[in-house]
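For reference, the structure is listed below as structure tokens.
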Amino acid sequence: MKKEFGEKFASITDGDFTVKYRANCYCDAVQYEVRSEPVDAKICHCLGCQKLHGAPMQWAVIFHKHDVRITKGIEHLNFYNSELKKHERILPCKVSCALCGTLIADEGRNMWLAFPSLFDFGGASKVPEKFKPTCHIFYSVRIIDMDDDLPKWSGHKNKSEKL
Ligand SMILES: [Zn+2]
Ligand SMILES: [Zn+2]
């Protein structure tokens, strides 16, 4: 790939990059790799996630950008800043595949919030430990109740009331 995706990401030519996990969009046009375990995993119930994902909640795992590299389809990436409602790569923004519409990640300034359903683990029993959600956030605006023992924050983790 000639075009670099961004200076904060791992380089596609980095020989020391040992792939731990691979992810791809529905149509396979976009693929990326990570070389670390996630630093956290959360389920977000905010209204933005509900709409943008067309789902009751968003399950995200967080990586440092320097542990991520896009291996295919940079030219097919779409960017959307939901705060400004602008179809531009103004961080933080949503990254999606322009061909199939799959949401690829939420790109922050330094972090990459990835969606585990793009990793194809092959069932709940095979999901790696570090990908398992540690909490629910924005639970106060949830659209369905969750029957689990995970902490449930009304807003951001550690910065809101625990419900
Ligand atoms: Zn796609
Ligand atoms: Zn959210």
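The values are calculated or read from the model by the stated rules, or taken from the named source; none is laboratory data. This one's a predicted model, so the numbers in the text were calculated from it and none came from an experiment. Note that each Cβ is placed from the backbone with ideal geometry, even for glycine, and that neighbours are counted across all protein chains shown. Ligands, DNA and RNA are stripped out before the accessible areas are found, and what is left, the full protein with its side chains, is counted by its heavy atoms. Shrake-Rupley method; radii C 1.70, N 1.55, O 1.52, S 1.80 Å.
From the alpha carbon centroid of region 42-58 to that of region 78-130 is 12 Å. With all protein chains in place and ligands, DNA and RNA left out, the 1.4 Å accessible area ranks Tyr26, Tyr80 as Tyr26, Tyr80, largest first. Using 28 Å as the Cα-Cα cut-off, could you pick out the over-long pairs in Lys20/Lys162; Lys8/Lys152; Lys72/Lys159; Lys20/Lys152; Lys65/Lys86? Table pairs above 28 Å Cα-Cα are Lys20/Lys162; Lys8/Lys152; Lys72/Lys159; Lys20/Lys152. Normalised Debye scattering of region 59-155 at q = 0.18, 0.19, 0.24 Å⁻¹ gives log10 I(q)/I(0) of -1.04, -1.13, -1.36, counting only Cα atoms as equal scatterers and leaving out solvent.
Relative to its residue count, the chain spans a Cα convex hull of 121 Å³ per residue.
Each residue was assigned an accessible area with a 1.4 Å probe, and for Leu163 the value is about 110 Å². Relative contact order of the chain: 23 percent, from C-alpha pairs under 8 Å at least 6 residues apart in sequence. Projecting the Cα atoms of Thr102, His136, Phe119 onto the dipole axis of region 21-141, where Lys and Arg carry +1 and Asp and Glu carry -1 at the beta carbon, places His136 farthest toward the positive end.
Counted by Cβ distance under 9 Å from Ala41, the other residues give a net charge of +2, where Lys and Arg count +1 and Asp and Glu count -1. Dipole magnitude for the chain: about 300 debye, using +1 per Lys or Arg Cβ and -1 per Asp or Glu Cβ, origin at the Cα centre. Given the options Asn24, Asn78, Val68, identify the residue whose Cα lies farthest towards the positive end of the charge dipole of the chain (+1 on Cβ of Lys, Arg; -1 on Cβ of Asp, Glu). The residue sitting most towards the positive pole is Asn78.
Using a simple spin-label model with pseudo-atoms 7 Å out from Cα toward Cβ, Lys20 and Val39 lie 1.2 nm apart. The largest accessible area among Asp16, Asp147, Asp28 belongs to the first residue in Asp147, Asp16, Asp28, and the rest follow in falling order (1.4 Å probe, all chains). Note on the chain: GNM, Cα springs under 10 Å; of Lys65, Lys86, Lys132, the largest mean-square fluctuation is that of Lys86.
Amide H contacts of Cys44 (H built 1.01 Å from N, in plane; Pro and chain starts excluded): Gln58, Trp59, Ala60, Ile137 sit under 5 Å, all sequence-distant by 5 or more or on other chains.
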